[in-house]
Amino acid sequence: MRFVQIEILPQGKALVDIDKLTHAVPEGDGSRLFLGAQHIDVPHSLAELENVLAGRERNDDGANSTAGFGVR
């Protein structure tokens with residue numbers, strides 16, 4: 001199992017098992033994640049969500065990507 005901590009609506013955070021993530025669709029200003037028969041709403045666009053799940057900064061445009069590793 002691979003877990004990632006993401007922001008959820010209403011304001012909060014959750015650990016999500018990304019192996020159970022079946023799909024995500026745009027929902028308002030964020031996205032709706034489907035985890036089997038359940039869903040959660042997150043304040044991330046699909047592009048931001050892709051960055052979060054990949055371990056990058058939420059707003060990483062790829063120009064300075066470090067794949068979740070800090071640069072010293």
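The values are calculated or read from the model by the stated rules, or taken from the named source; none is laboratory data. Note that the structure is a prediction, hence the values are computed from the model and not measured. Here Cβ is always computed from backbone atoms with ideal geometry, including for glycine, and neighbour counts include all displayed protein chains.
Of all residues in segment 44-58, those being part of a loop (DSSP other than H, G, I, E, B) and modelled with pLDDT of 85 or more number 2. Within segment 3-23, residues that are assigned to a loop (DSSP other than H, G, I, E, B) sit with their Cβ atoms under 6 Å from residues that are surrounded by 10 or more Cβ atoms within 10 Å (Cβ to Cβ), at 6+ positions apart or across chains, in these pairs: LEU9/ASP41; LEU9/PRO43.
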